[in-house]
Amino acid sequence: MDHQALLRAVETSDCKVFIEWYKRVETENISAVRESVDRLSNKDLCGIWTVFTKWVAHATNSLKENPNLPENDSIMTTLLFMSTMATYTIHNMSNNEPQGLQPSVKAMNGSLKFVNCKKTATSICKMSEHYWKVHPELETFLSINTIQWFLTQAIHPKATLVSVKQLWDMKQSIEKLNALILESSGLLTLFLSAISNSKFIGSNEGQKCIACLFNFNTVIVQVLQKTVKKFIPLATVNDCESLGEIYFKAWRMATEQRRADIEFAIQDLMYHAVVACRKPLGVIEGGVNKVPMNKLLFHLLHSIHRQRKQRTVAVLIHILYKPILWRYLEASNGLVRGNALCLFFDAFPFESGEGFEEDEAVRTKQWAIMLGALMDPVPLVRTIAIQGTCRILSQYWEIVPVNIIQDFITCLMRKLLYDSSSADVRAHVVKGLVMMLESRQTHSLLEKMIPLTNKVLHDPNEKVRSEYVFLLTHVQKLRVSKLWEVIDVNQLVGRLAMETSKNVCIRLATLLAPFYCPKSTPEIVFQRCLRLIIDNRLASRKFYQYIDTCVGIEQIAQLILIIWKFLRNHIHKQLQRNKSSQQREETANQRRPCGAKRSRQGEGAESIPNTTENEDKENQDGSTDSEETGNEEFSECSIIGLIDVVCILLSVNKTKFKAPPNVVYWENIKSRFSKTCSLFFRYFKNSEGLRPLICLYGLMSSTSSTLLLSFVKSQLKSLTDEATCKEFSYLVDVMCTWGRGEDLLDLITDHLQGNLMNFIAEKSPLSDTRKGKATRKKRVSFETPKDSKPLLGLRCMAYILQHPYNKKIILRKNLEQIEKLCETLKAVLLIAENNPNRLTNRESFLFGAASLYVKMVLVLACSYKREKSDLKYMESQEKIVGILSWTKRLMENEDLNPILGDLISSAVSSISNLVMIHSMTWEVFRQFLDVVLQVVTKYPSSKSLTLAMNCAYHSLVFVWSERSIGNECDVECESRINLIINCVLECASLVTASGSSTRFCLDENDWSLVRDIVKKILEECHRHRPEKHESIREIVRKMVDTIRLDMMQPGQGDGKKKADDASCQHQLSKAIIAAFRTQNSLAKMILDEFFEVFQSNEKETTLVDCVAIARLLESLGQNKGRIAPGTLANAILSFEDCWLTVGEIEKSSNSDRVAYVSATITELKKAISV
């Protein structure tokens, strides 16, 4: 028998023997252990528990002494089996309880806080629960550890909802505890930490657990309230809604005595919600506040407001808000009124609960508040009032009196909809109308009012126009009335034609789709398309550009095919008519002497159309009624408009067409247009439609339009050297799309080589620079090709490199040709160096060719793998070194040609872009920094200053990015970057003898650029911690010194001039100040360094130093940007410390300056306190 085996295992007094028996029996039959305990007599139970007590005591004592030992696994197993045996014993024992059971239960329960095995702990908790049901007097003692363990598991980061439900199952035991036990046992601390656990308070059971704590006493409620208020700034919106549920459940579960405390706590939150800040607080104690406090508290109270359908809750909300809301709705601060209005609309309607007359008086008061808020002087309050009023009209239309509705609608439609002071107000009125349309009861009124608002379609603000189009879409969708009854469709088309906003265009296209692209037969869709083109061609282009958002690809393909069919038949008929008229003319001219010859010429001219007739036999049939437009307004512009529409539909949806499910449509479209290529070309050859036709076939393969390919080549060859980008861009795009980059590059190379030969023939730089030759070899003179067009070649190549898609295709398919062309242009650098007089202007060939060569070298360097093993990459780096050496040689000339200086700046700026993408070796980078330093030292100007600052920023990012990923960085490069920044700051700070003007002046664009670059440099310095890296700190210190020395200039510290006056501050100082005031962290870094410079000086601070600080702080006080008040307050305290170190003798001799500094401190303190 199993129970006999149990007794024998226990009689050995060896715990290991018992555990082996337990495991063996449990493995054979999971219920065998329980059956064995059931068969034991009371005497046997007393006997085994005499032994078990010793084992339990030994296990629990070992666990408490050394809770983290590896041997604890065996202890956990022992406690698991002991707790299971105890549970079985509790079920089996009669009136006589085994003597050792109770101390064993208490010992195992006490060890719960040290148990790290979930299975063992769960078994002990189950045992404890069974035992206190037998002994209710021990429930409080045993439940504390049990609740504590369940609560610890529930607030664990990896906890599941099962743990929270197990804790809620202990509800009765939790309620039997008192406040003293709750606090002394540490349970209160755990419950308070659970409030900040999002997963815990997000569950229904977790909310109930916290809610039941509010029923203990007033002190506990106050502690809970304090914890909640501390957690709210760090919470999310969902967390706050969960907290609101906790407060409501606590109020509903509480007794009358405790409800008063909970209502006081809710009222306290209501007050804070009214006066809460509407911007995030940022870094606070314990974390970061990312969501505005007014929003967090609003969502907390919203959880209570939405229970207002219960009359008792509605009355409670009115009672709690009565001393707060009505008062703050009339506050002088607009932000406070806005917060109060948000709560007012969310809690609407308020009920007094005192009778019908009192409720009616409260409602009347609410209507007056709403109407007053609509006319509030603050735009924010008006927008909140509009949104809330429209929501109330939508939800409570039946209870709002007719005269009140009339007042509201009049105010909205006649005043606020045309509020010129705020675009947000106008936009919210339109949004409110959309909200009101959700209620069918409002349709009868809005059906008459919305047609009166069509002027809003042309509102100057994009947001208002977008919302109004959305309103019209809503009207159309809900079928409130016919769209053409609300607004003239021609107005919508006209608006689409002149609209610049993409969002508005998309919404207009969606609105007009049922009119011009209906779900009907392709013939009807085509008729609507043609109608739109005739009415407004520009609007048709925009409409079909965005129609893919609301029309399927199949319908788009059908439209393209029927447009093709119409074009084919129309063009064929036109050509037939032209042929007939030409034949009639030839017949009439047969009597002329040269008639026969002209007739033969005519037959030859018509040979191609005859061939086309055989190829396109299908052109003669399949005509539809839709193709015979018969419209008097129809013209050749409409035909060109149809081609534009096809181009737009194909370009916008090309990716969709090439997707596997839609390839059939794409192939069908391609085959149809390929058949009619020659037909279309002959028709549009000498008209405006040729360009869109070329663009159309450019979207297809070159094999489908061989005739056009030849024509495009001839057009490129026939362009003049003065051709603009507009004339050749579409031809270049088509050639690249067709993959004919080889032909294009051959043409460009021919144009460029011809002019280069001319330069070499006139003066060979290679022969002039060779040394060691006693005699000069006879030069060969090349004849310049007559059709050479060098400037056209330069423009075409530059356009290819600027266009990302064209550049990608050319580099992928024609890399070798690009490399050869680059080698061809290499001689330009030497020609420019030896012939600087040839650089007459920026439009000259030499300037453009040198700039193009630099760009091509950089583009090729970016296209290679950035590995030293890649020979081409290393060759490109050598070419960049050659360019840098060339710029150094050019700058050795003291009388540098200004145009040559522009060429150097252009080259340096281009290479700086290569630094941005880290496609440069350290050797090249070092030489690049040398060139930048040489530019800013030898030729200081506003242009070189901005260029050097930009290069310094990119270089700084390059160095620190390489260091952050573990690459070795050149310390010498880092020092050169600092040297460049120092030189820039020093050059910009130099003044003439008069002390009133700098060596050069920054215009508005340069000033803005320098400010942005300085800001980026300071951000990079702040990111890498100046206090840890001396090189970074040097940059910050140099900028601080620039400001400090500028503020200390003689004649500027007398306090008579304003701190932000342009005559008081140099432009660079203004740029640095404007840069760091945009971020509080940057301002703190600069100000800390500013005061550290003064404190590090061994001598006492002079009065001039203090005047400089005062002027800086005065400037920041007048326009602090995003500097936090705390940062300015700390700066003022540091300033006062510096002021105390100024000698009394110096103060007494400079009374004006002392008065200025004292007044500045007083004003700054007053401003910060406000």
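The values are calculated or read from the model by the stated rules, or taken from the named source; none is laboratory data. Predicted model only: the values in this text are computed from it and were never measured. Cβ sites come from the backbone with ideal geometry, for glycine too, and all protein chains shown count toward neighbours.
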Answer with yes or no whether residue 706 is more than 44 Å from the chain's Cα centre (by Cα), assigned to a helix (DSSP H, G or I) and among the hydroxyl-bearing types (Ser, Thr, Tyr). yes
Whether any residue in the stretch 86-93 is at pLDDT below 85, among the polar types (S, T, N, Q) and more than 54 Å from the chain's Cα centre (by Cα) is what I want to check. yes
Near pairs, Cβ below 6 angstrom, 6+ apart or cross-chain, from the stretch 665-683 (part of a helix (DSSP H, G or I)) to any residue that is small (Gly, Ala, Ser): 665/557; 670/704; 674/704; 677/705
Looking at 415, 448 in this structure, which one is over 27 Å from residue 341 (Cα atoms) and in a helix (DSSP H, G or I)? 448
Quick one: is residue 96 surrounded by fewer than 22 Cβ atoms within 10 Å (Cβ to Cβ) and within 20 Å of residue 143 (Cα to Cα)? no
For the stretch 309-345: of the residues being of a type in the set (A, V, I, L, M) and not in a helix (DSSP H, G or I), which is farthest from residue 296 (Cα to Cα)? 331
May I ask you to list the residues in the stretch 232-249 that are among the hydrophobic types (A, V, I, L, M, F, W, C) and in contact with a Leu (Cβ under 8 Å, 6 or more places away or on another chain)? 232, 235, 237, 240, 243
Residue count, the stretch 147-165, condition without any contact (Cβ under 8 Å) to a residue 24 or more places away in the chain and either more than 42 Å from the chain's Cα centre (by Cα) or surrounded by 17 or more Cβ atoms within 10 Å (Cβ to Cβ) (or both), comes to 1
Evaluate the stretch 108-129: report whether one residue or more is touching a His at 6+ places or on another chain (Cβ under 9 Å), surrounded by 14 or more Cβ atoms within 10 Å (Cβ to Cβ) and modelled with pLDDT of 85 or more. no
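A quick yes/no check of all residues on (1) more than 23 Å from residue 1079 (Cα to Cα); (2) surrounded by 13 or more Cβ atoms within 10 Å (Cβ to Cβ):
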position	(1), (2)
1127	no, yes
1132	no, yes
1140	yes, no
1154	yes, yes
1164	no, yes
Answer from 312, 364 - the residue that is more than 18 Å from residue 267 (Cα to Cα) and not assigned by TED's automatic domain parsing to the domain that holds residue 379: 364
Of 919, 851, 885, 912, which residue is over 30 Å from residue 722 (Cβ atoms), modelled with pLDDT of 85 or more and buried (at least 19 other Cβ atoms within 10 Å of the Cβ)? 912
Residues that are β-branched (Val, Ile, Thr) and assigned to a helix (DSSP H, G or I), drawn from the stretch 357-393: 362, 364, 369, 381, 383, 384, 386, 389, 392
Name the one entry in 584, 568 that is free of Cβ contacts under 8 Å to residues at least 12 places away in the same chain and out of contact with any Lys or Arg (no Cβ under 7 Å at 6 or more places or on another chain). 584
So in the stretch 458-469, with the set limited to residues that are farther than 15 Å from residue 491 by Cα and free of Cβ contacts under 8 Å to residues at least 40 places away in the same chain, which one is nearest to the chain's Cα centre (by Cα)? 461
Determine whether residue 936 is within 39 Å of the chain's Cα centre (by Cα) and at pLDDT 90 or above. no
Sole exception among (1) more than 43 Å from the chain's Cα centre (by Cα); (2) within 21 Å of residue 756 (Cα to Cα) for residue 883, by number: (1)
